[in-house]
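Working notes, beginning with the structure itself.
The values are calculated or read from the model by the stated rules, or taken from the named source; none is laboratory data. The structure displayed is predicted, hence computed values, not measured ones. As a convention, Cβ positions derive from the backbone with ideal geometry for all residues, glycine included, and neighbour counts pool all protein chains shown. Calculation scope for accessible area: heavy atoms of the full protein, side chains included, ligands and nucleic acids excluded. Shrake-Rupley method; radii C 1.70, N 1.55, O 1.52, S 1.80 Å.
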Amino acid sequence: MPSRDAAHPLRLATQAATLVRDARLLAAHLATAPGLLGSAAWLLGGRRFHYDRPSSELDVRTYGRDLVRIALGGMLSLPVVVVLLGVLGPALGWYLLWEWAPLAARVPAWLRTVVGHPPLAVTLRLLERALAADRFAAVSLVSPPSLVHPPQAPASPAAALSAVADAAAAAGDPPPSPAVVAATVTADRPEVWYLVNGVAEARSMVAGSLVALKAATGRDVMGLYNPSMGLGVDLLECLLGRSLDIASRPVEVIAQRLGRDLRQGVRVVLLAHSQGGIIASNVVRSLLRDAAMGDAAVLSTSWGEPAPVPPSETTTPLTTAHLAQLEVYTWASAADDMPHARLPDGSTVPFCEHFAAEGDLVARIGALTFSGALPAPKEVTRTSEHLSGAAVAGGGGGDGGVSLPGWHGVVHVLKEGPLGAVGRTDFQGHLLKEHLLPAMAYGALGDSSVFVNKYWVAPRRGKGRD
């Protein structure tokens, strides 16, 4: 869903429609919830021990205390979820009664607004205010100066160009900016990598992800820690960032950091997992909005010619051209869209690519459904265009469906079934280090991806297909 502009807040009707949409999506895929940690054969049958899984989130020896804290945090935040459902559910039901019920058409619009809207509007506003605290801002885990460096182990120009072209063709997107390829094979441009984590992750788990990513790519990665206050509160933040399209504090902090890097001529690679995919989507949208204003400012002051301002100047406006140096890669993304912009030469920015397991509930209600990688439930309709406004509600007529925003970037799917040397349900799950990165290491996921062809330098232990 397109991000809310502070000056043009989303209509309550749009927020209500997306709440209904997401409830339907969750109900349609809820049966896959037990597979978030892996299949029974994976967890109980010992299949997971056939593969190396460095720093796995389920490693009790490494994260025993953190796992206990996460479990306790989830139990302590459970009342938050109960209260949320106890307040939001009736408020949404009251709104729908006055707007979507057959008899509502006979009631004057002003009366429906006065009587039916306040409970839902007040509830959503209170949620927004509660999660606007600085406590929810992203926190960097590693000192920035050590992270800006020239690319290591660059791919050949031909290999990089082929990987980008194949991924763009598979996604049905216009071609990505040539800078995506050029920056990969040029050693005189600095780069910086960031990772945004998902829900209910301890700092030590995110630090383990940074180690695993460096082992796979040879790059230092900064962890932009999305802090957790328990699963219940984290789900509220997901609700605001995706269903209600309200930017969270991590979005604001990360967008500012990435905008600064891009204005200084640094190539930025943004990695995200799970809820981090929602944050990444909103960060990109925020950058696109700032870039549009920067484009207008440059044109208005230079009569169509870019102003020669040194990249180091903090007054340099962010423009769409800067976003050619941004690449976004997500795993098990819970986002419902991924925005982009088109440059005058027809190419698109930023470059985006996504990875997910077919049996993962979070990916099913996020990247897999909204990209079209999996069929949408019958209650939800999908359009092929990227909507520039809010999602279109189906009102009270027809099937009450919602037209979904478009998706940018190919999604590489780990399907359930024999894949080379791996078993039918091997690597099926939601976790980054337990499932998805090992799947890539063993050739079961992403063989044709840009990420693997451009950046993966660790030995790959098998060949598969995705």
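On full extension of the chain, what length is gained from ARG461 through ASP166, given 0.36 nm per residue of separation minus the C-alpha to C-alpha distance? It would help to have the intermediate numbers written out before the result.
Details: separation 295, 0.36 × 295 = 106.20 nm, distance 2.31 nm.
Gain on stretching ARG461 to ASP166: 103.9 nm.
Can you pull the one-decimal nm distance between simple spin-label points at LYS415 and ALA13, each 7 Å off the Cα toward Cβ?
4.1 nm
Among LEU213, LEU239, what's the order by accessible area (1.4 angstrom probe), most exposed first?
Working: LEU213 0, LEU239 25 Å².
So the residues, ranked largest to smallest area, are LEU239, LEU213.
To the nearest 10 square angstrom, what accessible area does LYS415 show with a 1.4 Å probe?
Its accessible surface works out to 100 Å², give or take rounding.
Using 0.36 nm per residue of separation minus the Cα-Cα distance, give me the extension gain between ALA33 and VAL114 in nm, one decimal.
Details: separation 81, 0.36 × 81 = 29.16 nm, distance 3.92 nm.
Stretched out fully, the ALA33 to VAL114 stretch lengthens by 25.2 nm.
Take the Cβ-Cβ distance between LEU103 and ALA130 as r, set R0 to 45 Å, and report the resulting FRET efficiency rounded to the nearest 0.05.
Values: r = 35 Å, r/R0 = 0.77.
Calculated transfer efficiency: 0.85.
At 7 Å along Cα-to-Cβ for each site, give me the label-to-label distance between LEU78 and ARG61 in nm.
Result: 3.1 nm between the two label points.
Efficiency by 1/(1 + (r/R0)^6): what FRET value for ARG289 and VAL122, r their Cβ-Cβ distance, R0 = 35 Å, to the nearest 0.05? Don't skip to the answer; put the middle values down first.
Details: r = 28 Å, r/R0 = 0.79.
After rounding to 0.05, the efficiency reads 0.80.
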